[in-house]
Amino acid sequence: MEKFLDFIVKAGSLDRRVIFVVIALAVMLPLFFPLGLPIRPTNSSQQVYDVVEELEAGDKALLSFEYGPSTKPEIHPMAVALLRHLMSKDVKVYITCLWPDGQFMAMEALDQVAVNQYGKVYGEDYVLLGYRPGAEAIIKGLVSNIRKVYTVDSRGDFLDDIPMMVGVNQVADFDFLFSASAGYPGTVEWVQYAADPVGITMSTGTTSIQVNEVMPYVQSGQIKGILGGMPGAAEYESLIGQAGIGTSGMDAQSVAHVIIVVFIIFGNISFFVERRRSKKY
Amino acid sequence: MFMKRQLPIAIAATIGFLTLFGWFVEEPSIKSFVDDDATQWFDILASFAMFLGALNLLKMQAMKVIRQSRGWQYAALAIAGFSFSFIAGFVMLGAYNVEVTEFGGSTGVATVLANEINQDLQSTRNILSAVPAGDAYIIDSPYFTEGGAESVVEQIVAAGGTAEIHPAEWGAHIATRGSLFNWMFRFIFTPLSATMFALLAFFVASASYRAFKIRNFEATLLLISGIIIMLGRVPIGGHISAWFIMYIVVLSLVAGVNTWLKNRTYTLVALVVGLLGVTIAGFITGWPVDQPSIFFLPVLQDWIYNNPNVAGARAIMIGIGLGIFASSIRYILGIEKSYIGE
């Protein structure tokens, strides 16, 4: 028994390199050998799906990309899944970016979904307005007059020359607003300066850590549903019936979380054994 | 003194009051100022702020390199990175599109294009034949350098076709594949940024192992809610039976009874009663994984997110809101003067 307790105490000071290797394996192996764990959509993800489902062909959706490569694994899968849902319903998609990296993320998502999967036409089915610096001021500008913020789109084409921009002058002209956000400026600013003052239906997708900050707005009904991190993306993929990187990432995340919990429990057992011994002597 | 002190305060106070009134006064000129003009002013100032920020960054890093301060090598790397981004964004734009205007029936042109678009000759012919009559064919991947594009055009002309070079427009080149900036973002910035963030997973695991200890009541609450969120948020949480959690709860309660009463008989009775109670209830209900829902991890996780978490988040938001309000009033009234260096 004493030897076993010695082993536990020693294991309590496990070299962190061992932990790193275990976590690396826990993340990588499920990516190569998927477990296929079923995804259970939460109410907040279902709410986002229902809002998009209510849109009709020809309706206008304004998407804002506020994330970069660092948060891409969490936000990009949901942005792609949402684009798939919108494009399958022939909703016209307008994209703005409050983050400079957002423009590149949007391009990648559009190439994957609009161009390669659905064969949509730029300027008729979707448009990438691009990035503008100014955070909240940009949102306020879009609420007031889009053309004062954007004279040209990301390709340098004048807005007045783009067919799908005809009759689109401000945020109030859209039927749906979605913010794919990883921080500031992002979801909270869109609620405060656009969704609330204009009364437009808004949903959001955020990193897991940001859910805490945004949840009060979801509960109050100011935001209709939230996709929280990679689990939110996986849930949305399961709702639209198109598994993507979010779904495959959930196996890895599940195993990694279990491993971390096992480490925590193990660390506590070791802590108690050590404390008991120190009291004894 | 007036220009340095009173004037900036007067401007800040006037603009502050006007912006504030814009929300409450139905005066079209004030509303127009707040909604349109002020936001455009802000955009212009924000653009200049980026410019100033870049200059400041360069100055700070350059000083580190000149003084050979600790870690000056990183500063040198920052300057090199900045310079490369600047050159990629403003000087070497890249993204030279080659537009083949005439290619009908020429095997030579198809051969040149097959090499450029990595397709076999037959596929390239099929692609070209699908181009409507009179339209030009644009090679999918633009060229980094004008020389590269010119070389392809020369080959096409030598093969009997005609082609033109169309560089991407200034500004739009950032978003065009084939521009140096775009390449830099996709192949340097993206992997570096993703790697930095991915390292968090390892540090979180290591830190949780060392720091998440049951030292007191608050730490225990944090630990339990953390575990519930971690497992309840991922699909595997839905496979952990509520009955398993009930058994854990019973064992924890028995441990509590033992610590409180310090009596082996009572502890044994509590253990037997608890385990039997859960087992009998399980057999009666047929051991449904998600029932009783109060012990089902995804439901527990939802409850934590929607109740204690939102209550805390609201309290913080209200606090921040009041703080911002107080600070704004101080700025508008000229009490807070840190922005003029006081």
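No value in this document is a laboratory result; all are computed from the given coordinates. These numbers were taken from a predicted model, which means no experiment stands behind them. Heads up, the Cβs are rebuilt from the backbone with ideal geometry, glycines too, and the neighbour counts pull from every protein chain shown.
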Q) How big is D for the protein assembly as shown, in µm² s⁻¹ as a whole number, if Stokes-Einstein is applied with the Kirkwood radius of its Cα pairs at 4 °C and 1.567 mPa s? A) 45 µm²/s
Q: May I ask for the angle, rounded to the nearest 10°, between helix A:229-240 and the longest principal axis of chain A, with both axes built from Cα atoms and the value confined to 0 to 90°?
A: 60 degrees
Q: Check cross-link reach from B:Lys64 to the lysines: straight Cα distance under 28 Å, and skip same-chain residues fewer than eight apart.
A: none
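With both partners inside the protein assembly as shown, how many of the DSSP beta bridges are antiparallel, as a percent to the nearest 5? Could you put the intermediate results ahead of the total?
On the way: 11 of 37 bridges.
Counting DSSP beta bridges with both partners in the protein assembly as shown, the antiparallel share is about 30 percent.
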Q) Among B:Leu20, B:Leu200, B:Leu268, which one moves the most in a GNM of chain B with springs linking Cα atoms closer than 10 Å? A) B:Leu268
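Defining a contact as two alpha carbons under 8 Å apart and six or more residues distant in sequence, what relative contact order in percent does segment B:92-175 show?
52 percent
Label chain B by shape, choosing from rounded, prolate and oblate, from the square roots a ≥ b ≥ c of the eigenvalues of the Cα gyration tensor; if a/c is under 1.5 it is rounded, and otherwise prolate applies when a/b is larger than b/c, oblate when it is not. List each step's numbers first, then the result.
Values: a/c = 2.47, a/b = 1.43, b/c = 1.73.
The shape class here is oblate.
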Q) Cα centroids of segment B:208-267 and segment B:302-342: how far apart, whole angstrom? A) 35 Å
Q | In degrees, nearest ten, helix B:217-232 long axis to first principal axis of chain B (Cα) | A | 50 degrees
Q | Top positive-direction residue, dipole computed over the protein assembly as shown with Cβ charges, set A:Gly205, B:Thr279, A:Leu239 | A | B:Thr279
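Counting alpha carbon pairs within less than 8 Å and at least 6 residues apart, what relative contact order, in whole percent, applies to segment B:2-89?
Details: 25 pairs, mean separation 11.8, N = 88.
Result for segment B:2-89 is 13 percent.
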(Q) I'd like the Karplus ³J(HN,Hα) series for segment B:273-284: coefficients 6.51, -1.76, 1.60, θ = phi - 60°, whole numbers in Hz, and an x wherever there's a Gly or Pro. (A) 4, x, 5, 5, x, 5, 5, 4, 4, x, 5, 5
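Kindly flag which residue pairs out of A:Lys10/B:Lys213; A:Lys89/A:Lys224; A:Lys3/B:Lys262; A:Lys3/A:Lys279; A:Lys148/B:Lys31 have an alpha-carbon separation exceeding 21 Å in this structure. Each step should come with its number before you reach the end.
Working: A:Lys10/B:Lys213 16 Å; A:Lys89/A:Lys224 19 Å; A:Lys3/B:Lys262 27 Å; A:Lys3/A:Lys279 19 Å; A:Lys148/B:Lys31 16 Å.
Pairs exceeding 21 Å: A:Lys3/B:Lys262.
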**Q.** Sparse-neighbourhood loop sites, trypsin sites (Lys or Arg not before Pro) in segment B:170-244 - DSSP loop, at most 15 other Cβ within 10 angstrom
**A.** B:Arg177, B:Arg215
Q. Which is the longest part of chain A that has none of the GluC sites (Glu not before Pro) sitting in a DSSP loop with at most 11 other Cβ atoms within 10 Å?
A. A:125-281
Q | segment B:52-64 - phi-based ³J(HN,Hα) in whole Hz, Karplus 6.51/-1.76/1.60, Gly and Pro as x | A | 5, x, 4, 4, 4, 4, 4, 4, 4, 5, 5, 4, 4
Q: First measure r as the distance between the Cβ atoms of B:Ser225 and B:Thr259, then evaluate 1/(1 + (r/R0)^6) with R0 = 30 Å and state the FRET efficiency to the nearest 0.05.
A: 0.90
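Considering only Cα-Cα distances, which of the following residue pairs are longer than 18 Å: A:Lys120/A:Lys140; A:Lys60/A:Lys120; B:Lys4/B:Lys337?
Beyond 18 Å between Cα atoms: A:Lys120/A:Lys140.
Is the C-alpha gyration tensor of segment A:43-243 telling us rounded, prolate or oblate? Criteria: a/c under 1.5 is rounded; beyond that, a/b larger than b/c is prolate, otherwise oblate. Could the numbers behind the result be given before it?
Details: a/c = 1.40, a/b = 1.17, b/c = 1.19.
Here segment A:43-243 falls in the rounded category.
Taking square-rooted eigenvalues a ≥ b ≥ c of the alpha carbon gyration tensor, is segment B:253-300 rounded, prolate or oblate, where a/c under 1.5 means rounded and, failing that, a/b exceeding b/c means prolate? Intermediate results must be reported in sequence, preceding the final value.
Working: a/c = 5.83, a/b = 1.84, b/c = 3.16.
Here segment B:253-300 falls in the oblate category.
Which GluC sites (Glu not before Pro) in segment B:1-104 sit in a loop by DSSP (not H, G, I, E or B) and have at most 11 other Cβ atoms within 10 Å of their own Cβ? Numbers along the way, then the final one.
Numbers: sites: B:Glu26, B:Glu99, B:Glu102; in loops: B:Glu26.
The qualifying sites are B:Glu26.
Ranked by Cβ crowding within 10 angstrom, fewest neighbours first, how are B:Ile240, B:Ile335, B:Ile44 ordered? Intermediate results must be reported in sequence, preceding the final value.
Numbers: B:Ile240 17, B:Ile335 10, B:Ile44 13.
Result, fewest neighbours first: B:Ile335, B:Ile44, B:Ile240.
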